[in-house]
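One structure below.
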Amino acid sequence: MTDTMSATSVEARRGDLRMLLGLERLAPGRFVGSRYQLNINGSIYGGQIFAQALNAAFETVEGRVAHSVQASFLRPAVDGVPIEYEVANMLDGASYSMRYVQASQNGKPLLALTASFKTSEDAALDHPDHMSDPWPDPEALRNLDQQLGGDASSTGSRTLPRFPDVEVRPCMPDRYLLRVGGPPQHDAWVRAVGKLSDEAADHQTAIAYLSDFGMTFPVMTPYVEQVRKTPLRYATLNHSLWFHGHSSALDWIAFRTIGSWAGDGRCLHHGRMYDRSGNLVASVAQEALIRRISR
């Protein structure tokens, strides 16, 4: 990376999704990203780094789709510095491929990701999982921007970023925004907003981008009053995504996230993503750091 190369944070406009997740090729197996989405705290959104790393891996694979992606977040990414992605070919078998991707800034590793790809094949067993309970129609719900409005007091309004390339319609907005307590479960319709090609790789990369949104919050829902009194710091430690079938990232996806456990300064969440027909298209798991902020 040359000293003249710079990075910029962007207020993404609708339609910029391919640019936001896109990379510039520096050399075989080496790529760089220079447009970022920032969280409210000023750090770069981890879902974008996760998705760009998967995109870098896709650039080295032909004729296969992703089925499993795991990443460890090593340190926060800072604004204003390009992120480089270096891809190592771990396997090209008869039906499976695996890639290892390291994302770094100024030579310091930010993220280590493994992605596995495969060819399609006839199923020896076909065991679909469907949504077991009815969800409200997404068109009947208000999106996150409409729900937040001028609200600056709730925990959700202070911590949830608002990205123009992500549309979120919570089924129970007050719980989703941590205005009220409840079980550690959040249900929301989500979709990418913008232009994507018909390539499966583009849609899987966009779903990877969506899969990190709001993942840390459900475990806080039973403790809303405590969280209001004691601000928390949280950061993703590792994030995993499994694809079970094809779905367009531009169509509504029912995203259910459940806070499974918290303790020892960490929390664990699991998520499931369904298409509008109720078919399971992806599963998510995330472990995050969660600590009290010392005053």
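The values are calculated or read from the model by the stated rules, or taken from the named source; none is laboratory data. From a predicted model like this one, the values you see are computed outputs, not experimental measurements. Here the Cβ positions follow ideal geometry from the backbone for every residue, glycine too, while neighbour counts run over all protein chains shown.
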Do we find that Val61 is surrounded by 13 or more Cβ atoms within 10 Å (Cβ to Cβ), more than 30 Å from Val227 (Cα to Cα) and among the β-branched types (Val, Ile, Thr) in this structure?
yes
Those residues of the range 227-251 which are closer than 22 Å to Val69 by Cα and either in contact with a Pro (Cβ under 8 Å, 6 or more places away or on another chain) or assigned to a loop (DSSP other than H, G, I, E, B) (or both) amount to Ala235, His244, Gly245, His246, Ser247, Ser248, Ala249, Leu250, Asp251
Given the conditions (1) at pLDDT 95 or above; (2) touching a Lys or Arg at 6+ places or on another chain (Cβ under 7 Å); (3) of a type in the set (Asp, Glu), which single one is not true for Asp92?
(2)
All conditions in (1) hydrophobic (A, V, I, L, M, F, W, C); (2) within 26 Å of Leu74 (Cα to Cα); (3) within 13 Å of the chain's Cα centre (by Cα) are true of Ala249 except (2)
Residues of the range 239-279 that turn out to be hydroxyl-bearing (Ser, Thr, Tyr), closer than 15 Å to Asp133 by Cα and surrounded by fewer than 17 Cβ atoms within 10 Å (Cβ to Cβ), as a count
1
Under 9 Å between Cβ atoms, at least 6 apart or on separate chains: pull out the pairs that start in the range 196-207 with a residue that is more than 18 Å from Ile49 (Cα to Cα) and of a type in the set (S, T, N, Q) and end on any residue that is at pLDDT 95 or above and part of a helix (DSSP H, G or I).
Ser197/His203
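From Gly33, Gly63, which residue is over 17 Å from the mean Cα position of the chain (by Cα) and of a type in the set (Gly, Ala, Ser)? Walk me through how you get there before you give the answer.
Working: Gly33 fails: over 17 Å from the mean Cα position of the chain (by Cα).
Of Gly33, Gly63, the one residue that is over 17 Å from the mean Cα position of the chain (by Cα) and of a type in the set (Gly, Ala, Ser) is Gly63.
Taking the range 87-117 as the region of interest, how many residues are in contact with a strand residue (DSSP E or B) (Cβ under 8 Å, 6 or more places away or on another chain) and surrounded by fewer than 18 Cβ atoms within 10 Å (Cβ to Cβ)?
So the answer is 10.
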Quick one: in the range 186-198, which of the residues that are within 19 Å of the chain's Cα centre (by Cα), more than 14 Å from Thr216 (Cα to Cα) and not aliphatic (A, V, I, L, M) is surrounded by the fewest Cβ atoms within 10 Å (Cβ to Cβ)?
Lys195
Among Ser116, Ser120, Ser104, which is part of a strand (DSSP E or B), more than 20 Å from Gly46 (Cβ to Cβ) and not basic (Lys, Arg)?
Ser116
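Examine the range 31-40 for a residue that is among the small types (Gly, Ala, Ser), in contact with a Ser or Thr (Cβ under 9 Å, 6 or more places away or on another chain) and closer than 21 Å to Ser116 by Cα, and state whether such a residue exists. Give the steps one after another, and end with the answer.
Here is the first cut: in the range 31-40, the ones among the small types (Gly, Ala, Ser) are 33-34.
Adding the requirement that they be in contact with a Ser or Thr (Cβ under 9 Å, 6 or more places away or on another chain) leaves 34.
Narrowing further to those that are closer than 21 Å to Ser116 by Cα: none.
Looking for residues that are among the small types (Gly, Ala, Ser), in contact with a Ser or Thr (Cβ under 9 Å, 6 or more places away or on another chain) and closer than 21 Å to Ser116 by Cα, one finds none in the range 31-40, hence no.
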Here the residues within the range 143-185 that are under 19 Å from Ala249 (Cα atoms), loosely packed, with under 14 Cβ neighbours inside 10 Å and at pLDDT 90 or above are none
Which numbered condition in (1) aliphatic (A, V, I, L, M); (2) surrounded by 17 or more Cβ atoms within 10 Å (Cβ to Cβ); (3) without any contact (Cβ under 8 Å) to a residue 60 or more places away in the chain is the only one that Ala282 fails?
(3)
